[in-house]
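Novice: The following block contains the structure, expressed as structure tokens.
The values are calculated or read from the model by the stated rules, or taken from the named source; none is laboratory data. Remember, predicted model here, so these are calculated numbers, not experimental data. Cβ coordinates were reconstructed from backbone atoms using ideal geometry, including for glycine residues, and neighbour counts include every protein chain displayed. Ligands, DNA and RNA are stripped out before the accessible areas are found, and what is left, the full protein with its side chains, is counted by its heavy atoms. Shrake-Rupley method; radii C 1.70, N 1.55, O 1.52, S 1.80 Å.
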Amino acid sequence: MSTTSIQPKPYASYLIQQDCAAYTPEQHAIWSTLVSRRMPQLEQHASAEYLNGFHQIGLQPTELPDLAAVSRRLQPVTGWNSTPVSGFLPADAFFAMLSDRLFPTTTWIRSLESLEYTPEPDIFHDVFGHVPMHAHPVFADFLQHYGELCASLTRAEDLERLGRLFWFTVEFGVIRERGQVKVYGSGLISSHGECTHVVSGGAEIRDFDLDSVLNTTVNVSEMQTVLYAIESFDQIYEATKQAASRLG
Ligand SMILES: [Fe+2]
């Protein structure tokens, strides 16, 4: 008789419960301030798909999101889940979660003193910035496929190149909609400064091209000078499928 041992998922030890009752009125007010500060610009400059997703997952402008409630609305649409985690995840755990359609989501909120910038993602960056896009079926497939591809890689150079694809799409992605450049990456959606810089013409917008993206060094500490505009989300889904042939 043989026994099969079930390996724990590499992210198992990072999963936590979100304690919604522990949020203070001041923390809800910070969420509210952030949302009301971002919305006027996003109504003008965010991708229609982001704005659709925002309403679809039921985010409330005045209170911090309950991730279980968000997931109950999101899961029937694309199978994605906004899953609370304890903080920054190592790469293998992060990619394994994406492969399982679990988006690692932080539960803390920035302080009033750091409204514009936090060195590590908080719930505003993760939920307001990222999760609405997970309601889009093609983006949803793209992100899972991206996680599966990265989980299969071992060479640091390959992971660095794939990290650039994540950066110029999931974090700093822009799309052309009816002839206008619209933002969909969380680094732009959730940051007033970064988004203002881009919509006021501070970054050069090039056509999305997989090889250019894989070869463009990421600068995490300054405003972005070059971004890559897609024409549709199918383009990044296809690019992720093609990316495997550009590695090794
Ligand atoms: Fe992010």
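Novice: Would you confirm whether any residue within the stretch 27-34 is outside any loop (DSSP other than H, G, I, E, B) and within 17 Å of Cys195 (Cβ to Cβ)?
Specialist: yes
Novice: For the list (1) in a helix (DSSP H, G or I); (2) open to solvent by 10 Å² or more (accessible area, probe 1.4 Å); (3) more than 11 Å from the ligand (Cβ to nearest atom), I need the number of the one condition that His125 fails.
Specialist: (3)
Novice: Which one of these is under 22 Å from Leu247 (Cβ atoms), away from the ligand (no atom under 16 Å from the Cβ) and open to solvent by 10 Å² or more (accessible area, probe 1.4 Å): Ala91, Ala96?
Specialist: Details: Ala91 fails: away from the ligand (no atom under 16 Å from the Cβ).
Being under 22 Å from Leu247 (Cβ atoms), away from the ligand (no atom under 16 Å from the Cβ) and open to solvent by 10 Å² or more (accessible area, probe 1.4 Å) holds for just one of Ala91, Ala96, which is Ala96.
Novice: Ala46 fails exactly one of the following numbered conditions: (1) over 20 Å from Glu171 (Cβ atoms); (2) buried (at least 20 other Cβ atoms within 10 Å of the Cβ); (3) of a type in the set (Gly, Ala, Ser). What is the number of that condition?
Specialist: Of the numbered conditions (1) over 20 Å from Glu171 (Cβ atoms); (2) buried (at least 20 other Cβ atoms within 10 Å of the Cβ); (3) of a type in the set (Gly, Ala, Ser), the odd one out for Ala46 is (1).
Novice: Of the numbered conditions (1) over 28 Å from His55 (Cα atoms); (2) modelled with pLDDT of 95 or more; (3) of a type in the set (S, T, N, Q), Asn219 fails exactly one; give the number of that condition.
Specialist: Tallying (1) over 28 Å from His55 (Cα atoms); (2) modelled with pLDDT of 95 or more; (3) of a type in the set (S, T, N, Q), Asn219 fails exactly one: (2).
Novice: Okay, moving on. Please work out if Pro104 is more than 21 Å from Thr62 (Cβ to Cβ), more than 16 Å from the ligand (Cβ to nearest atom) and either in contact (Cβ under 8 Å) with a residue 24 or more places away in the chain or surrounded by fewer than 20 Cβ atoms within 10 Å (Cβ to Cβ) (or both). Walk me through it before giving the result.
Specialist: Working: more than 21 Å from Thr62 (Cβ to Cβ): yes; more than 16 Å from the ligand (Cβ to nearest atom): no; either in contact (Cβ under 8 Å) with a residue 24 or more places away in the chain or surrounded by fewer than 20 Cβ atoms within 10 Å (Cβ to Cβ) (or both): yes.
No: the conditions fail for Pro104.
Novice: From the set of residues in the stretch 203-222 that are farther than 18 Å from Leu143 by Cα and either open to solvent by less than 20 Å² (accessible area, probe 1.4 Å) or β-branched (Val, Ile, Thr) (or both), which is farthest from the ligand (Cβ to nearest atom)?
Specialist: Ile205
Novice: Further question on the same structure: So, in the stretch 146-202, how many residues would count as being polar (S, T, N, Q), away from the ligand (no atom under 16 Å from the Cβ), part of a helix (DSSP H, G or I) and closer than 24 Å to Asp100 by Cβ?
Specialist: So the first thing to find is which residues in the stretch 146-202 are polar (S, T, N, Q), and the list is 152, 154, 169, 180, 186, 190-191, 196, 200.
Of the ones still in play, those that are also away from the ligand (no atom under 16 Å from the Cβ) are 152, 154, 180, 196, 200.
Cutting the leftovers down to part of a helix (DSSP H, G or I) gives us 196.
Okay, now just the ones that are also closer than 24 Å to Asp100 by Cβ, so none.
Total meeting the criteria: 0.
Novice: Looking at Glu157, Glu177, Glu171, can you tell me which residue is of a type in the set (D, E, K, R), under 30 Å from His28 (Cα atoms) and open to solvent by 10 Å² or more (accessible area, probe 1.4 Å)?
Specialist: Result of the check over Glu157, Glu177, Glu171: Glu171.
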